[in-house]
Amino acid sequence: MITHTIFSANNPLPTSPFFHSKVEKQWLLQSFALKAKPIQLKVSNGCRTRACLGSDKSIEIPHQWYNLIADLPVKPPPPLHPKTYEPIKPEDLSPLFPDELIKQEVTGDRFIDIPDEVRDIYSLWRPTPLIRAKRLEKLLETPARIYYKYEGVSPAGSHKPNSAVPQAWYNVQEGVKNVVTETGAGQWGSALAFACSLFGLGCEVWQVRASYDQKPYRRLMMQTWGAKVHPSPSMITEAGQSMLQKDPSSPGSLGIAISEAVEVAAKNADTKYCLGSVLNHVLLHQSVIGEECLKQMEAIGETPDIIIGCTGGGSNFAGLSFPFIREKLNKKINPVIRAVEPAACPSLTKGVYTYDYGDTAGMTPLMKMHTLGHDFVPDPIHAGGLRYHGMAPLISHVYELGLMEAISIPQTECFQGAIQFARSEGLIPAPEPTHAIAATIREALHCKVTGEAKVILTAMCGHGHFDLPAYEKYLQGNMVDLSFSEEKMKASLANVPHITA
């Protein structure tokens, strides 16, 4: 049994310790050659936006991150201390985070300057390309115009370095020697390992067991950049030991892995914790995606009618959508904002909006979010980065305000969409953004029926080069849709603290 959290009531320090035949037939009937080559729109020295309209216009890396909280009509509920249930104080977070990240977590400022050193590293891959999916449009025979913002050009192959780099940098500025974290599919873990390698910072990662076994090359990627990687649950921590006692064959979850990493950070004075999603400062850093995309869409004379992104913890979705929500609140544009989550882990569409812990062991602050219960362990779907019991509190709040909508899609439909995308656009998506791709295809086919020429913008947050075993499973017809258990959710929600707020 775990006897401690990172907090006590009076002291913030730790107190103790091959394919489907129908799909194949479709492909035999399709030709992907375009009648005309699309115009190339230069957006940076190394990245191009393929578009039908527009003139050359250089797009800069943003100089500031954007904080949506400053423009919301109603501010989000505060996180609560896990022992006193009182609003948490900045100093309560000091065992885990450096001071500057704590300030970013609680700030109401609209913009935060990006340090020059961070922008310099961003320039290795940013600005990222905005690409019109003309071949996918042709395949679907849709009048819709589909664009995707591609974050897979980063060294780690996803959007995650957008936050990993500043998190590592701020820790180094405060003399931190080591950081610990959790990771699902390994995108966040590899991003943080990459960032730490740039600054000589020690990095230790707890990877969800299901993904640790499914994606060995993600683990090797982390290790190549110098990180230590453990399967979670592990026998290294009290949280891991407790879970293994209950279920020795546990596939793990992001919530469990968070508990393990937080425990280690709380016990070691020279170690801080880094989180790849959920928290405000992470969503803040990811806003570079949307800020760039706004300028790129403007440069080609397009305005999105619908913006689609996958959601697990919410960092990629927020990064793309939040700057557009700002423009929507200012009545400049009016797009539909749609989050897409896995049917096996549907926190927004099935979860309850209430205060809950961010981790399984109950060591973190209580956050008001859409949750399936902090000890809910999702079935081991291939989109490991979306297997989280809750949703980012800020996204949950935006959802409650009616500024966005959410749907869930099963993984076989997602992989069917991924194959269509790969065989038309050439890029193999990571399992996580296949959810956004599937929803984009649904919307494009709906436009085919209605005749609407909507502009669809979607988030392509990473490539799937290290996720090919999942594709093999789908192509061989062995992938199934894993279930979502209402009973399991109810049992988990029974353990959520009852807080009236």
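Of note:
- Accessible-area composition of the chain, carbon plus sulfur, in percent [1.4 Å probe]: 52
- Debye intensity ratio in log₁₀ form over the Cα atoms of the chain, taken at each q of 0.07, 0.09, 0.10, 0.14 Å⁻¹: -0.34, -0.57, -0.71, -1.46
- A 1.4 Å probe run over the protein chains yields, for segment 398-445, 27 Å² of accessible area per residue, whole-number rounding.
- Pairwise Cα distances in segment 237-311 exceed 16 Å in 67 percent of cases.
- With the helix formula -39500 (n - 2.57) applied to DSSP H stretches of n ≥ 4, the chain reaches a computed 222 nm mean residue ellipticity of -11500 deg cm²/dmol.
- Ser485/Lys83 FRET efficiency (R0 25 Å; Cβ-Cβ; nearest 0.05): 0.20
- With θ taken as phi - 60° and the Karplus curve 6.51 cos²θ - 1.76 cosθ + 1.60 applied, the whole-hertz 3J(HN,Hα) list for segment 258-266 is 4, 4, 5, 5, 4, 4, 5, 5, 5 Hz, x standing for glycine and proline.
- Given a 1.4 Å probe and the protein chains as shown, Val208 ends up with an accessible area of around 0 Å².
- Karplus 3J(HN,Hα) series, Hz, for segment 171-184 with 6.51 cos²θ - 1.76 cosθ + 1.60 (x for Gly, Pro): 5, 4, 4, 9, x, 5, 9, 9, 10, 10, 7, 10, 8, x
- Heavy-atom accessible area ranking, 1.4 Å probe, most first, across Val118, Val172: Val172, Val118
- Three-way shape call for segment 379-501 based on the alpha-carbon gyration tensor, with the a/c threshold at 1.5: oblate
- Taken one residue at a time, the phi angles of segment 148-154 give Karplus couplings (6.51, -1.76, 1.60, θ = phi - 60°) of 10, 8, 9, 9, x, 7, 5 Hz. Gly and Pro are set to x.
- Stretch gain in nm, segment Asp116-Ser197, where the contour uses 0.36 nm per residue and the Cα spacing is subtracted: 27.3 nm
- Among the trypsin sites (Lys or Arg not before Pro) within segment 328-366, those in coil by DSSP and having at most 13 neighbouring Cβ atoms inside 10 Å are Lys331, Lys332.
- Burial ranking of peptide ranges 276-283, 290-297 (average Cβ count within 10 Å, highest at the top): 276-283, 290-297
- In this structure segment 264-358 gives 25 Å² per residue of accessible area when probed at 1.4 Å with all protein chains present.
- Using a cutoff of 8 angstrom between alpha carbon atoms and counting only pairs six or more residues apart, the relative contact order for segment 216-305 works out to 15 percent.
The values are calculated or read from the model by the stated rules, or taken from the named source; none is laboratory data. This is a predicted model, so every value here is computed, not measured. Using ideal geometry, Cβ is built from the backbone for each residue, glycine included, and neighbour counts are taken over all protein chains shown. Ligands, DNA and RNA are stripped out before the accessible areas are found, and what is left, the full protein with its side chains, is counted by its heavy atoms. Shrake-Rupley method; radii C 1.70, N 1.55, O 1.52, S 1.80 Å.
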